[in-house]
Amino acid sequence: MPYHVPYVPTPIPVARMMLKLAGAGPDDIVYDLGCGDGRILIVAVKEFNVKKAVGIDKDPERIREARKNAEKNGVSNRIVLINDDFFNVDISEATIVTMFLLTIVNEALKPKLEKELIDGARIVSHEFRIPGWKPFKVVDVKDNTGLTHTIYLYIKGKHK
């Protein structure tokens with residue numbers, strides 16, 4: 001599916017709340033679809049001590065930036081970066097999936113999420129719903145500039 005999602009970094013307070021809402025911890029493997037500069041992955045490893053964080057982005061410049069940021073933060077040994085379209089990548093080991101995409105892309109992702117994720121996996125979407133799915137929880141969070149962001153938590157197996 002051809003699509004273009006503009007690169008807009010998730011503010012750190014929002015990234016932190018996404019992971020907190022998902023209950024991220026040492027047993028989790030986080031996948032960030034469209035990982036950009038790697039900030040969600042870095043927060044997941046440094047602050048939530050997740051087992052592993054995997055970022056997928058089709059822009060090689062974003063992957064280079066994420067790799068540099070992971071090294072600068074001393075977490076590159078627990079972060080895997082994949083330069084590809086996330087529709088092409090197997091995400092079945094993920095216990096948490098984070099994303100800041102567009103509604104149309106979220107809708108296109110539904111069959112992949114249904115097929116590859118285990119029941120109980122948490123999907124956290126910044127700002128955009130997954131059409132036809134029932135969020136387990138919806139939270140608003142303010143960033144450092146005072147703007148409000150909406151986060152949707154879905155749980156595979158409890159999303160319909």
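Since every read-out is calculated from the coordinates, none of them should be taken as a lab result. Since the model is a prediction, treat every value here as computed from it, not as a measurement. Positions of Cβ are generated from backbone atoms using ideal geometry, with glycine treated the same way; all protein chains shown enter the neighbour counts.
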Quick check for me: using +1 on Lys/Arg Cβ and -1 on Asp/Glu Cβ, what's the dipole size of region 12-155 about its Cα centre, in debye to the nearest 20? 360 debye
Can you give the % of DSSP beta bridges in region 79-157 that are antiparallel, to the nearest 5? 75 percent
What are the residues whose amide H is under 5 Å from the amide H of Ile82, where those residues sit 5 or more places off or on another chain and H is modelled from the backbone? Gly55, Ile56, Asp57
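Can you tell me the length gained on complete extension of the stretch Asn88 to Asp27, counting 0.36 nm per residue apart and subtracting the Cα distance?
Contour length minus the Cα-Cα distance gives 19.5 nm.
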In a Gaussian network model of the chain with springs linking alpha carbons closer than 10 Å, the residue among Gly25, Gly38, Gly74 that fluctuates most is Gly74
Hydrodynamic radius by Kirkwood, which averages 1/r over all alpha carbon pairs of the chain, in angstrom: 15.4 Å
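Determine, for Arg129, Arg39, the number of other Cβ atoms within 10 Å of each Cβ, and report the residues in order from fewest to most.
Lowest to highest Cβ neighbour count: Arg129, Arg39.
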Using just the helices of the chain, give the 222 nm mean residue ellipticity in deg cm²/dmol: DSSP H runs with n ≥ 4 each add -39,500 (n - 2.57), and the total is spread over all residues, rounded to 500. -9000 deg cm²/dmol
Around Pro11, with a cut-off of 10 angstrom between Cβ atoms, what is the net charge of the other residues, counting Lys and Arg +1 and Asp and Glu -1? +2
For region 48-71, list residues with backbone N below 13 Å from a point placed 7 Å from the Cα of Tyr7 toward its Cβ? 57-69
Can you work out the base-10 log of I(q)/I(0) for region 17-91 at q = 0.12, 0.14, 0.15, 0.23 1/Å, using the Debye formula on its C-alpha atoms alone? -0.27, -0.37, -0.42, -0.97
At q = 0.15, 0.16, 0.26, 0.28 Å⁻¹, what base-10 log of I(q)/I(0) does the Debye formula yield for region 105-160 when every alpha carbon is treated as an equal point scatterer in vacuo? -0.44, -0.49, -1.02, -1.14
